[in-house]
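Here is the structure we will look at, set down as structure tokens.
The values are calculated or read from the model by the stated rules, or taken from the named source; none is laboratory data. Predicted, not measured: the structure shown is a model, and the values here were computed from it. Here the Cβ positions follow ideal geometry from the backbone for every residue, glycine too, while neighbour counts run over all protein chains shown.
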């Protein structure tokens, strides 16, 4: 792990680069493919909470694991890029950053609280930046604030009412449409959205979130798929003719298999709620990675024509996936190039100090050679 101090000038450059890349991914004609993220919850027989999340984007994020210590001084970035609301990290946390700037798009803290930041283009309008100096956090930095300050979703709910969340936008990026899924170790789960300038916090008993439309729409859309079941359909009687099922899985006929946000939402709900409940945390982590396989975007399967050349294509892919064991405070990740699962035990991390440390996210194939095991 390599410690690194970040200056305000470096932060300005990093945020500018971050917003520039996001602009390319959401404002050019690749918006439909630039927002494919999925998060869900798996519960073990003993009540353990396991959270899975997939990050899909067309442009490379060059993500690293960031380890933020207790006592670290953080601050929001105002619209004029000056330092704004300041706070001290109460709880050390592990997050996934992007493009060299330590803004977590996903993470878990040492108390077993997790957050996932997901895109929701076309549905978000944040609160105005307060001119009276009252506490305010940018949308890009909200995840850092949540992970560093709270232990459960009830605390998050209460504290969101005390701050304003504004859009940190730089030309030409414009508004950054985000919503958040927050989970805690006791099974609490909420979705945070800002619609028409108003805060909306929804309890999320099913534990799933994807992208646009808004969360309420996805919940309503479940009503159109109440026929889906893990139980195979019985044979059909047509007068004197008996028509047997052609194979296994007939109860899930109609479960969409495409990569759109509504389809991924339905798929994550169906799989996370019909899978046999895992007996242990290890089984829960394994199950979460299996569910993540169902939303994994293979390079080339989701494409948009380049705005510069219609004969060229921009391809989305699953850049990385994370799984968090909230009760044991263990974080797991894999990348598109390396499906080998990496583990970080937060209980073994020294969360003292005054610098953010980093762990690289390997993107090269890693294998275990078992040739010598032949007997």
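For (1) assigned to a loop (DSSP other than H, G, I, E, B); (2) more than 22 Å from residue 360 (Cα to Cα); (3) modelled with pLDDT of 90 or more, each residue gets a yes or a no:
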| site | (1), (2), (3) |
| --- | --- |
| 10 | no, no, no |
| 23 | no, yes, no |
| 30 | yes, yes, no |
| 33 | yes, yes, no |
| 47 | yes, yes, yes |
| 50 | no, yes, yes |
| 66 | no, no, yes |
| 71 | yes, yes, yes |
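All but one of (1) within 22 Å of residue 348 (Cα to Cα); (2) in contact with a helix residue (DSSP H, G or I) (Cβ under 6 Å, 6 or more places away or on another chain); (3) buried (at least 22 other Cβ atoms within 10 Å of the Cβ) hold for residue 51; which doesn't?
Exception for residue 51: condition (2).
Which one is surrounded by the most Cβ atoms within 10 Å (Cβ to Cβ) among residues in segment 162-176 that are touching a strand residue (DSSP E or B) at 6+ places or on another chain (Cβ under 6 Å) and either part of a loop (DSSP other than H, G, I, E, B) or at pLDDT below 95 (or both)?
This residue is 168.
For residue 331, indicate whether it is closer than 26 Å to residue 148 by Cα and either in contact with a helix residue (DSSP H, G or I) (Cβ under 6 Å, 6 or more places away or on another chain) or modelled with pLDDT of 95 or more (or both). Working first, answer last.
Values: closer than 26 Å to residue 148 by Cα: yes; either in contact with a helix residue (DSSP H, G or I) (Cβ under 6 Å, 6 or more places away or on another chain) or modelled with pLDDT of 95 or more (or both): yes.
Taking the combined requirement at face value, the residue satisfies it.
Which strands (runs of 3 or more DSSP E) sit wholly inside segment 264-375 and have at least 1 residues that are within 20 Å of the chain's Cα centre (by Cα) and under 27 Å from residue 208 (Cα atoms)? Spell out how you get there, then give the answer.
Working: elements: 303-305, 313-315, 317-325, 330-335, 342-345, 357-360.
In segment 264-375, 313-315, 317-325, 330-335, 342-345 are the strands (runs of 3 or more DSSP E) which contain 1 or more residues that are within 20 Å of the chain's Cα centre (by Cα) and under 27 Å from residue 208 (Cα atoms).
Out of (1) surrounded by fewer than 23 Cβ atoms within 10 Å (Cβ to Cβ); (2) touching a residue at least 40 places away in the same chain (Cβ under 8 Å); (3) within 29 Å of residue 346 (Cβ to Cβ), the odd one out for residue 159 is which?
Among (1) surrounded by fewer than 23 Cβ atoms within 10 Å (Cβ to Cβ); (2) touching a residue at least 40 places away in the same chain (Cβ under 8 Å); (3) within 29 Å of residue 346 (Cβ to Cβ), residue 159 violates only (2).
Output the residues belonging to segment 73-105 that are outside any loop (DSSP other than H, G, I, E, B) and either closer than 11 Å to residue 148 by Cα or free of Cβ contacts under 8 Å to residues at least 24 places away in the same chain (or both).
Of all residues in segment 73-105, those outside any loop (DSSP other than H, G, I, E, B) come to 73-77, 83-88, 93-96, 98, 101.
Those that are outside any loop (DSSP other than H, G, I, E, B) and either closer than 11 Å to residue 148 by Cα or free of Cβ contacts under 8 Å to residues at least 24 places away in the same chain (or both): 73, 74, 75, 86, 87, 88, 93, 94, 95.
Where residues in segment 128-150 are in contact with a strand residue (DSSP E or B) (Cβ under 7 Å, 6 or more places away or on another chain) and within 11 Å of residue 117 (Cα to Cα), which of them is surrounded by the most Cβ atoms within 10 Å (Cβ to Cβ)?
Ranking the candidates gives 144 first.
Just to verify a result, which residue in segment 35-44, among those that are assigned to a loop (DSSP other than H, G, I, E, B) and more than 16 Å from residue 185 (Cβ to Cβ), is modelled with the highest pLDDT?
Of the residues in segment 35-44, the ones assigned to a loop (DSSP other than H, G, I, E, B) are 35-36, 44.
Remaining after also requiring more than 16 Å from residue 185 (Cβ to Cβ): 35-36.
On the way: 35: 61, 36: 80.
My answer is 36.
Looking at 269, 295, which one is under 21 Å from residue 185 (Cα atoms) and touching a helix residue (DSSP H, G or I) at 6+ places or on another chain (Cβ under 8 Å)?
Details: 295 fails: under 21 Å from residue 185 (Cα atoms).
Being under 21 Å from residue 185 (Cα atoms) and touching a helix residue (DSSP H, G or I) at 6+ places or on another chain (Cβ under 8 Å) holds for just one of 269, 295, which is 269.
For residue 268, only one of the following conditions fails: (1) surrounded by fewer than 18 Cβ atoms within 10 Å (Cβ to Cβ); (2) touching a strand residue (DSSP E or B) at 6+ places or on another chain (Cβ under 8 Å); (3) under 19 Å from residue 57 (Cα atoms). What is its number?
All conditions are met except number (1).
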